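The values are calculated or read from the model by the stated rules, or taken from the named source; none is laboratory data. Please read all numbers here as calculations on a predicted model, not as lab measurements. Glycine gets a Cβ as well: all are built from the backbone with ideal geometry, and neighbour counts include every protein chain shown. To get the accessible areas, we keep the full protein, side chains included, count just its heavy atoms, and leave off ligands, DNA and RNA. Shrake-Rupley method; radii C 1.70, N 1.55, O 1.52, S 1.80 Å.
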Amino acid sequence: MITGVIEWKNPYGYLPGDIYGLYFSYWVFFVCYLVLGIWYAVALYRNREEMMGLQKYVMAYIWVAFVETLIWGCDYDVYNKEGHIVDAVNVFGAFFTASRNTAIRLIVLMVCIGYSITKPTLRKLELVGIIIVSVCYFIADATVQYVSVASAAGAFIDENLQIFVETILIIANAIFFTWIALALLFQMRALKSLNQKHKWKLYKRFALLLVIAMVVAFIAYVAEFGITIAEKKDALFQLWWLWQVVWDIIYLHSCVAIALIWRPQPNMMRYAFGQEIGGGDGEVALDDAQSLDEAPSSSSEAKDAGNDGDDHSSSSDPIKDSASSSDSA
């Protein structure tokens with residue numbers, strides 16, 4: 001009996017052909033998150049007095065994704081040149097990938113619930129539910145990520161373990177996506193009923209971007225399923241890495257959408273929990289919030305000038321004060 005190890009090397013290196021494209025995609029995403037992280041950090045610093053809780057989570061996500069793409073880029077580079085993987089690096093990379101995937105779902109859910117946008121804190125029941133679902137998803141996804149890389153490198157993975165963790169991952173994903181959809185629907189209905197048109201428009205824009213992302217994901221899933229059913233997977237093995245990149249693009253797309261729609265601006269905290277006055281051309285929008293700093297003094301001057309026995313109610317809400325000042329004038 002003869003025993004031994006078989007090794008082969010492609011013209012470009014040791015990476016298998018079905019994941020070779022990921023090597024370049026990781027470096028592309030690395031640059032994207034680096035640029036996004038620098039811009040967002042500068043914007044947060046300039047508006048640090050008005051920083052929202054949600055924006056801190058977005059900043060953390062950007063840098064987690066930045067580190068994750070750097071780890072995998074370096075790991076694939078070593079694997080391609082030397083023909084072996086470093087197990088410790090794979091564990092570290094799986095941890096950051098699972099952290100990124102969990103964080104983006106968590107941030108999208110918090111946006112849909114209205115955290116830092118329509119309410120300052122989460123309810124206890126919401127917080128407990130988010131923690132449970134996030135922990136389950138993180139553990140399952142970290143295991144799946146490690147199994148994916150290890151199996152691609154030729155390591156033996158128990159099939160029952162793969163089925164179990166993928167089932168947990170599917171259930172956690174279903175809970176996340178259902179909760180996101182219901183929370184977003186409820187949030188938009190509530191804002192519309194309260195005549196908060198500017199905030200409703202922001203959520204409408206975000207909902208449209210989410211729908212586009214889900215349509216792209218659905219098309220990719222149908223294409224992957226069709227290729228598998230048609231038994232064309234081996235013929236198209238060089239393109240198989242694209243299915244993973246589709247989700248990486250969706251995660252980046254969702255992060256950029258949130259970072260831009262609710263980007264750091266002056267008077268952001270005042271606007272977040274204020275109520276818009278009016279419903280037409282006179283509504284107070286985020287871009288008009290700069291004038292709110294002068295609202296209390298303007299209101300006082302108007303009351304002094306026209307105080308001929310009329311009673312005026314005071315308000316601590318700067319948006320209402322601004323509206324009172326306009327009525328007095």
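Observations
- Residues that are among the aliphatic types (A, V, I, L, M), part of a helix (DSSP H, G or I), touching a residue at least 24 places away in the same chain (Cβ under 8 Å) and open to solvent by 40 Å² or more (accessible area, probe 1.4 Å) within region 65-92 comprise Val67, Leu70, Val91, listed in sequence order.
- The residues in region 67-114 that are touching an Asp or Glu at 6+ places or on another chain (Cβ under 7 Å) and small (Gly, Ala, Ser) can be counted, and the count is 3.
- Restricting attention to region 1-40, the residues that are touching a residue at least 24 places away in the same chain (Cβ under 8 Å), aromatic (Phe, Trp, Tyr) and under 19 Å from Asp248 (Cα atoms) total 7.
- Residue tally, condition farther than 15 Å from Asp248 by Cα, open to solvent by 20 Å² or more (accessible area, probe 1.4 Å) and part of a helix (DSSP H, G or I), over region 103-120: 1
- Pairs where the first residue, in region 221-236, is free of Cβ contacts under 8 Å to residues at least 60 places away in the same chain and the second is outside any helix (DSSP H, G or I) and open to solvent by 70 Å² or more (accessible area, probe 1.4 Å), C-beta under 7 Å, 6+ apart: Ile227/Lys233
Yes/no matrix, rows are residues, columns are (1) closer than 30 Å to Trp240 by Cα; (2) of a type in the set (Lys, Arg); (3) assigned to a helix (DSSP H, G or I); (4) open to solvent by less than 70 Å² (accessible area, probe 1.4 Å):
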position: Asn101; (1), (2), (3), (4): yes, no, yes, yes
position: Leu122; (1), (2), (3), (4): no, no, no, yes
position: Leu125; (1), (2), (3), (4): no, no, yes, no
position: Glu166; (1), (2), (3), (4): yes, no, yes, no
position: Asn173; (1), (2), (3), (4): yes, no, yes, yes
position: Met188; (1), (2), (3), (4): no, no, yes, yes
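- Residue ID - most open to solvent (accessible area, probe 1.4 Å), chosen from residues in region 218-266 that are of a type in the set (S, T, N, Q) and closer than 21 Å to Gly53 by Cβ: Gln265
- Exactly one residue among Val35, Val42 is under 30 Å from Trp240 (Cβ atoms), at pLDDT 90 or above and more than 16 Å from the chain's Cα centre (by Cα), and that residue is Val35.
- So Arg270, is it out of contact with any strand residue (DSSP E or B) (no Cβ under 9 Å at 6 or more places or on another chain), modelled with pLDDT under 85 and within 30 Å of Lys197 (Cβ to Cβ): yes
- Yes/no for Ala181 being in a helix (DSSP H, G or I), among the small types (Gly, Ala, Ser) and surrounded by 15 or more Cβ atoms within 10 Å (Cβ to Cβ): no
- For first residues located in region 168-193 and within 14 Å of Ile132 (Cα to Cα), partners that are among the small types (Gly, Ala, Ser) and lie 6+ apart or on another chain with Cβ distances below 9 Å form the pairs Ile168/Ala140; Leu169/Ala140; Ile171/Ala140; Ala172/Ser134; Ala172/Ala140; Ile175/Gly129; Phe176/Ser134; Trp179/Gly129.
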